[in-house]
Every structure is written in structure tokens, then in C-alpha cells.
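Below is one structure, written out as C-alpha cells, with a few remarks after it.
The values are calculated or read from the model by the stated rules, or taken from the named source; none is laboratory data. On a predicted model such as this, the values are computed, not experimentally measured, just so you know. Because the Cβ atoms are built from the backbone with ideal geometry, glycine has one as well, and the counts that use them run over all protein chains shown.
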Amino acid sequence: MNLAKHALPMFLGLCALSNQSVADTPTDLLKNYQQLAKTDNAAFVSFNAARGQQFFNSKHGNDWSCSSCHTTNPKQLGKHDLTGRTIQPMAPIANPQRFTDFAKSEKWFRRNCKDVLSRECSAQEKGDVISYLLSIK
């Protein structure tokens with residue numbers, strides 16, 4: 001692993017965590033991911049809700065998609081596929097606490113992306129998914 005390649009994005013992520021450990025709104029959190037996406041890819045322009053919806057509902061080489069546990073209707077309660085544990089709705093319109101804490105969002109993205117993708121999600125993937133979830137009315 002080339003540490004120099006990852007040092008700046010990691011530093012900016014830590015800065016985002018320290019400056020924005022509790023986002024006021026999901027839109028504030030999205031701004032953090034926008035900065036990280038630009039750091040990851042200088043050609044980054046914007047997030048895309050349609051791409052986020054496709055990502056959320058697709059299997060990525062594993063047996064699970066995000067919607068496996070969070071349902072294809074993110075305004076509804078989800079249920080963990082293995083444990084049966086209830087999961088609060090993903091859409092901020094149905095769950096106002098969703099995506100208001102950067103550290104908590106990062107924790108769950110890290111865990112869930114590893115389950116679904118066998119790797120961590122990129123900042124662009126996270127932003128696309130949040131854009132999709134914010135588009136749900």
C-alpha cells in the first residue's frame with residue numbers, strides 16, 4: 001500500500017471528522033463527502049441520485065446489496081438479513097437522525113460497504129447513496 005497516495009485523503013477525512021463530528025443536516029454531511037470525493041478524484045463534478053439508487057439496489061459480486069437489509073423502500077424499517085435486528089429507515093425524510101453525525105455515518109458505511117462490496121466505499125459512492133436517500137420524498 002502506498003501510504004503517500006493515501007495520506008492526504010486520510011488527513012482531510014480526519015479534519016472533516018474533527019471539524020464536523022456532528023453534522024447539522026444530511027446536506028452538511030454531503031458537503032464533507034464532496035470535499036473528500038474531490039480529493040480522491042480531481043475530475044469529480046457532483047453526486048448523482050440515480051447512480052446512488054442503482055448502487056443501493058445492486059449486488060456487487062456478493063450475495064447482498066444495501067437493500068437486502070435496508071429494503072428497496074428506504075422510508076420503511078429494515079431488518080438485518082442474518083440477525084433479524086430491526087434497522088431504522090435510511091431515508092432522512094422518514095428518519096431525521098439519519099446522516100447527521102459524520103463519525104457514525106462513517107462507522108456504518110465502513111461496516112456495510114465491507115459486507116456488500118468486500119471493500120470500503122469511496123466518497124463518491126457514499127455521496128451518491130446519500131443523494132439518492134435525500135431525493136426520496
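Worth pointing out:
- Scope segment 60-74; condition touching a residue at least 40 places away in the same chain (Cβ under 8 Å) and in a loop (DSSP other than H, G, I, E, B); matching residues: H60, G61, N62, W64, S65, P74
- Exactly one residue among A103, A49, A123 is hydrophobic (A, V, I, L, M, F, W, C), within 22 Å of K137 (Cα to Cα) and touching a helix residue (DSSP H, G or I) at 6+ places or on another chain (Cβ under 9 Å), and that residue is A49.
- Top-ranked residue of segment 86-119 - restricted to ones that are farther than 19 Å from K75 by Cα and either exposed (fewer than 15 other Cβ atoms within 10 Å of the Cβ) or among the hydroxyl-bearing types (S, T, Y) (or both), ranked as farthest from the chain's Cα centre (by Cα): S118
- D40 being more than 14 Å from L117 (Cβ to Cβ) and among the acidic types (D, E): yes
- Residue among L36, L77, L82 that is of a type in the set (A, V, I, L, M) and in contact (Cβ under 8 Å) with a residue 60 or more places away in the chain: L36
- Some residue of segment 125-135 being of a type outside the set (G, A, S), at pLDDT 95 or above and surrounded by fewer than 15 Cβ atoms within 10 Å (Cβ to Cβ): no
- Filtered residues of segment 75-124 (kept if touching a Phe, Trp or Tyr at 6+ places or on another chain (Cβ under 7 Å) and part of a loop (DSSP other than H, G, I, E, B)): D81, P92, C121
- Lone unmet requirement of (1) modelled with pLDDT of 95 or more; (2) surrounded by fewer than 21 Cβ atoms within 10 Å (Cβ to Cβ); (3) touching a helix residue (DSSP H, G or I) at 6+ places or on another chain (Cβ under 6 Å); (4) more than 13 Å from L30 (Cβ to Cβ) for L77: (3)
- Considering the conditions (1) without any contact (Cβ under 8 Å) to a residue 40 or more places away in the chain; (2) closer than 22 Å to K137 by Cβ, C113 is excluded by exactly one of them, (2).
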